[in-house]
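Here is the structure we will look at, set down as structure tokens.
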Amino acid sequence: MSGFFELGVEASDPNAGEFGRGASVRGGGCRQRCQLFRGVLSPYMEPYGKGQRGVLIVGEAPGAEEDRQGRPFVGPSGEELAKGVDWAGYDLDRDCVRTNVCRCRPPKNATPTATQLNACRWRLLEHIEEMKPRVIILLGRPAVDGLLGHRLTERMGGLTMTDWVGLQIPDQLLKAWICPLYHPAYLMRNKDDPSIRRVWREQLKIALDLCDKPVPQE
Ligand code: URA
């Protein structure tokens with residue numbers, strides 16, 4: 001897996017943290033570069049869950065219910081996610097921690113912009129640094145871009161979500177398996193096709209089961 005990502009950490013960049021460029025552009029940068037915190041009930045929503053199996057699940061951004069309750073994935077997408085995790089033999093609250101690449105709810109649930117994702121990335125990287133997850137499940141394209149956008153080569157940047165889904169990437173920098181999957185909202189939009197949910201759950205189980213398998217080091 002050597003060279004899967006551009007490990008282009010700019011050592012000379014004073015803002016380059018352990019995980020690379022932009023990783024430690026802390027809160028000041030977030031509030032200057034992104035104004036979302038102004039219009040929400042739950043700014044900078046914290047990750048939630050005990051994470052006893054070392055699994056970090058990363059979504060896009062809080063929705064209305066999440067913003068109201070101050071907790072990620074407690075609305076319809078969260079219900080779909082919790083059922084999938086349960087189907088795979090795990091418990092969402094106990095075994096996983098869940099969070100979002102964009103911590104503040106965008107108005108009308110708009111997809112976070114590149115500026116918003118870049119401004120929020122340090123929060124996710126800081127959480128990973130503290131939690132040291134063994135598996136990171138990325139739900140949907142914004143989650144892929146939010147975690148990895150600063151590390152993608154031009155070639156990788158051109159991949160579609162279909163290309164990413166189902167990969168199990170032994171990431172040497174974060175020392176975790178990175179597993180991109182479709183967002184649960186995608187299953188809800190395709191309710192008429194039960195095979196989509198079935199395949200998604202199988203892929204979710206494969207990702208969750210990696211929590212017992214150490215990431216091979218190069
Ligand atoms: N969708 C997300 O991506 N995250 C949430 O927290 C809720 C819905």
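The values are calculated or read from the model by the stated rules, or taken from the named source; none is laboratory data. No experiment lies behind these values; they were computed from the predicted model shown. For neighbour counting, all protein chains shown are included, and Cβ atoms are generated from backbone atoms with ideal geometry for every residue, glycine included. Side chains are part of the model used for accessible areas, which takes the heavy atoms of the whole protein and leaves out ligands, DNA and RNA. Shrake-Rupley method; radii C 1.70, N 1.55, O 1.52, S 1.80 Å.
Take the Cβ atoms of Lys205 and Thr111, set R0 to 35 Å, and the FRET efficiency comes out at 0.80. Under the criterion of Cα pairs below 8 Å and six or more residues apart, the relative contact order for the stretch 96-218 equals 26 percent. For the stretch 25-140, the share of DSSP beta bridges that are antiparallel, to the nearest 5, is 10%. In the context of the full set of protein chains, the stretch 92-157 has a per residue accessible area of 39 Å² (1.4 Å probe). Straight Cα distances below 18 angstrom link Lys205 to the aspartates and glutamates Glu79, Glu80, Asp86, Asp91, Asp93, Asp95, with same-chain residues fewer than 8 positions distant left out.
When Arg155, Arg141 are compared by accessible area of protein heavy atoms, the largest-first order is Arg155, Arg141, using a 1.4 Å probe.
Helical content of the chain, expressed as a calculated mean residue ellipticity at 222 nm, amounts to -10500 deg cm²/dmol (DSSP H runs of 4 or more residues, -39,500 (n - 2.57) each, divided by residue number, nearest 500). Placing a label point 7 Å from the Cα of Asp193 along the Cα-to-Cβ direction, the residues of the stretch 139-169 with a backbone N closer than 16 Å are 161-166.
Each Cα pair under 8 Å and six or more residues apart adds its separation to the average, and for the chain the resulting relative contact order is 24 percent. Counted over the stretch 111-194, the DSSP beta bridges are approximately 40% antiparallel. Within the chain, antiparallel bridges make up roughly 25 percent of the DSSP beta bridges whose residues both belong there.
Using the Cβ-Cβ distance between Gln172 and Arg31 with R0 set to 35 Å, the FRET efficiency works out to roughly 0.65. Per-residue extension of 0.36 nm, minus the Cα-Cα distance of Leu41 and Gln69, leaves a gain of 9.2 nm for this segment. Using only the Cα atoms of the stretch 61-218, build the gyration tensor, take square roots of its eigenvalues as a ≥ b ≥ c, and label the shape rounded, prolate or oblate: rounded if a/c is under 1.5, else prolate if a/b is larger than b/c, else oblate. It comes out rounded by the Cα gyration axes. Ranking Ile206, Val85, Ala185 by how far each Cα lies toward the positive end of the dipole of the stretch 68-218 (charges on Cβ) leaves Ala185 at the top. Charging the Cβ of each Asp and Glu at -1 and of each Lys and Arg at +1, and nothing else, the dipole of the chain about its Cα centre rounds to 480 debye. Sorting Arg197, Arg31 by accessible area puts them as Arg31, Arg197; the probe is 1.4 Å, largest comes first, and only protein heavy atoms count. Highest mean first, the peptides 39-51, 175-187 sorted by other C-beta atoms within 10 Å per residue fall in the order 175-187, 39-51. Treating r as the C-beta distance of Thr160 and Gln217 and R0 as 25 Å, the FRET efficiency rounds to 0.25.
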